[in-house]
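Nothing in this text is a laboratory measurement; each read-out follows from the coordinates by a stated rule. Only a predicted model underlies this, so the values are computations on that prediction, with no experimental measurement involved. Because the Cβ atoms are built from the backbone with ideal geometry, glycine has one as well, and the counts that use them run over all protein chains shown.
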Amino acid sequence: MKIVAAEVVVTSPGRNFVTLRLTTEDGLVGLGDGTLNGRELAVASYLQDHVVPLLLGRDAHAIEDTWQLLYRSAYWRRGPVTMSAIAAVDVALWDLKAKAAGMPLYQLLGGASRAGILAYGHASGRDTDELFDSIRHHLELGFRAIRVQTAVPGIDAVYGVPTRPATPGGRHDDYEPAQRAPLPAEEDWDTAAYLRHIPTVFEAVRSEFGAELPLLHDGHHRMTPIQAARLGRALEPYDLFWLEDCTPAENQESLRLVRHHTTTPLAIGEVFNTVWDYQTLIREQLIDYVRSSVTHTGGITAMRKLLDYAALYQVKSGIHGPTDISPVGMAAALHLDLAIHNFGIQELMPHGSLTNEVFRQTYTFEDGYLHPGEEPGLGVELDEEAAARFPYEPAYLPFNRLKDGTVHDW
Ligand code: EZ4
Ligand code: CO
């Protein structure tokens, strides 16, 4: 199954996506996602300039060998650009292998371990009324688990809470952090105000929606370990499904301190890119959920190994699924979610209509559960003509400054 063509497609149907399209001598097409929000062209160049020449003429069946070749022959290991590029190749190869086998990818990963994939949606609001409205809207859509983000008094712009609808006429809870602009937007942050406010939000949500609804929250790397420990403890009465990215984890040992102080389950890792970023976290059981995406972590091959390692320590999956993971990367996540034993939950931020014009998707979402469908391969097709109608536009994620002007984690 020789690879005869490898094209890097950069398209921007509402937001930027990097897709690798591999074609075999038999005319099979495999797709891989290499989208890295705000740094898309770096991955596109890595693929186009340094990876495509290695792929032409190779056997598309040799997935493990290709992964090892790309990882080791670069000499310079790891990092989000490299690992997203490797992921794009790896996922495209799995798509091809499953198409060649005439099976949906999850069958090649061991078959389905469950009937459906529990998904959580993003509710948000600038105040309690708007938040409750957003939670009700998500319940009506069928969601059985909901992430809750709110504005904080005294802070102008908070992660997860749009100040304006993402699309004209759209809802306020359709949050898209990257902004199409030549420079990143500057937001403000005050951890003390946040720590005072968030427990009151969860108290209000629990008293309105009851004890049973699984609730999640994303701290987005803004707290120190002791602040995170305090928040985790303050949220214990509200029984969170997880507290995500409570503190930056370049230093994995930080999580020991948080863990010692709270029984609130912890999820981390959307900005990680290899199993090594989790070594201490998993071995010492300092976290409960792995947040990596297939797209930023070297693809199916590397994610499978990471999640198998996590399984030994009763750590479960919580694969990253924001709109900056393309439909191709989302499909890869869904096939993995269905197959692995230690599945936890899947994030779902549905893509907009322009994205769905470019990427034809076959997943289903019914009664709170996702399913990747039964098409051979990933089940996603790229409409190249539609993709060409949406050229790349520069876009950046925002960043934070404290009141005194200090740059803070966003
Ligand atoms: O801010 O993917 O849990 N989800 C998240 C995301 C990230 C974006 C950054 O590109 O934290 O919304
Ligand atoms: Co997050």
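Full extension of the segment from A311 to L183, taken as 0.36 nm per residue of separation minus the current Cα-Cα distance, would add 41.9 nm.
Taking the longest Cα principal axis of the chain as reference, the axis of helix 191-209 is set at about 90 degrees.
The aspartates and glutamates whose alpha-carbon is closer than 13 Å to the alpha-carbon of K99, local same-chain residues fewer than 8 away aside, are D26, E374, E375, E381.
Lysines near K97 by alpha-carbon distance under 25 Å, same-chain residues fewer than 8 away left out - which ones? Cα-Cα hits under 25 Å: K2, K305. For the chain, taking the reciprocal of the average inverse distance between every pair of different Cα atoms yields a Kirkwood hydrodynamic radius of 21.5 Å. Among A192, A151, A234, the largest mean-square fluctuation in a Gaussian network model of the chain, built with springs joining Cα atoms closer than 10 Å, belongs to A192.
If you line up the long axis of helix 63-73 against the longest principal axis of the chain, both from Cα atoms, how many degrees apart are they, to the nearest 10? Once rounded, the angle reads 80 degrees.
Summarising the label geometry, the points placed 7 Å from Cα in the beta-carbon direction at M103 and A204 lie 5.0 nm from one another. DSSP beta bridges confined to the chain are antiparallel in about 50 percent of cases. Only aspartates and glutamates eight or more places from K316 in sequence, or on another chain, were considered; those with a Cα closer than 12 Å are D288, D308, D337. Among 10-19, 45-54, sorting by the average number of other beta carbon atoms lying within 10 angstrom of each residue, highest first, gives 10-19, 45-54. Okay, helix-only estimate at 222 nm for the chain: each DSSP H run of n ≥ 4 adds -39500 (n - 2.57), divide by all residues, round to 500 deg cm²/dmol; what do you get? Here the helix-only value at 222 nm equals -10000 deg cm²/dmol. Taking Cα atoms only, the orientation of helix 327-339 departs from the longest principal axis of the chain by about 80 degrees.
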